[in-house]
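A short write-up of the structure that comes next.
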Amino acid sequence: MSDQAKTNPPDQSQSNQTTGKLLLKLLRLPQNRICCDCRQPLVESHLIWASISSSTSTSTSTSTSNVSLHHGCFVCLECCASHRSLGTHVTRVKSVHMDSWTTAEIQSIEALGNKKTNDIFERHLQEGQWAQRIPNLHSSPMERELFVRAKYESMSFVFPIKVSEVLVD
């Protein structure tokens, strides 16, 4: 028996190839060609990661209610670090090329992707101070992490800003 056959069950290598093809097909969609958070082009596929809602996360607490929202998007290497800092109770981060994927994880990316994730998690982004703080190529790791935490952990842009919550100078 070959070393390959000992380490991988017969269907697993074919399954990994199919998974890779599906992920690359999703990456080729125009809405997935830029990082979901910093909007930088996702060019080198070996540096592309995905962020997927943790299946163990049932709700995120906000000041008004408990809400459960899911995301599945592609992010760049720099934003990937910010997603990892959220913890596995909020998100799982996977490499497009190096990690194994479940059918449910691929379906999450397929169902949502970057556009739908941003349609949900940035719905009211333009209404507040964060609109000018979207990370970019030159953003520091701290700036990226603050934005990613506000977006996915606090869900700061999902709900409209209440006038009573806005500070007036």
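The values are calculated or read from the model by the stated rules, or taken from the named source; none is laboratory data. If you're wondering where the values come from, they're calculated on a predicted model, not measured in any experiment. Glycine gets a Cβ as well: all are built from the backbone with ideal geometry, and neighbour counts include every protein chain shown.
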Odd one out for residue 58 among (1) in contact with a His (Cβ under 8 Å, 6 or more places away or on another chain); (2) at pLDDT below 95: (1)
Going by the structure shown, is residue 21 basic (Lys, Arg), at pLDDT 80 or above and in a helix (DSSP H, G or I)? yes
Give me the residue from segment 89-139 that is of a type in the set (Ser, Thr, Tyr) and part of a helix (DSSP H, G or I) and, out of that set, surrounded by the fewest Cβ atoms within 10 Å (Cβ to Cβ). 103
Close pairs (6 angstrom Cβ cut-off, 6 or more residues apart or separate chains): free of Cβ contacts under 8 Å to residues at least 60 places away in the same chain and farther than 18 Å from residue 28 by Cα in segment 71-96, part of a helix (DSSP H, G or I) and of a type outside the set (Val, Ile, Thr) anywhere: 93/80; 93/83; 93/84
Close pairs from segment 33-50: first more than 9 Å from residue 76 (Cβ to Cβ), partner aromatic (Phe, Trp, Tyr) and modelled with pLDDT of 95 or more, Cβ under 6 Å, at least 6 apart: 50/74
Consider residue 142 against the criteria (1) modelled with pLDDT of 95 or more; (2) surrounded by 14 or more Cβ atoms within 10 Å (Cβ to Cβ); (3) aliphatic (A, V, I, L, M): it satisfies all of them except one. Which criterion is unmet? (2)
Would you check which residues across segment 65-84 are in a helix (DSSP H, G or I) and more than 26 Å from residue 160 (Cα to Cα) and list them? 77, 78, 80, 81, 84
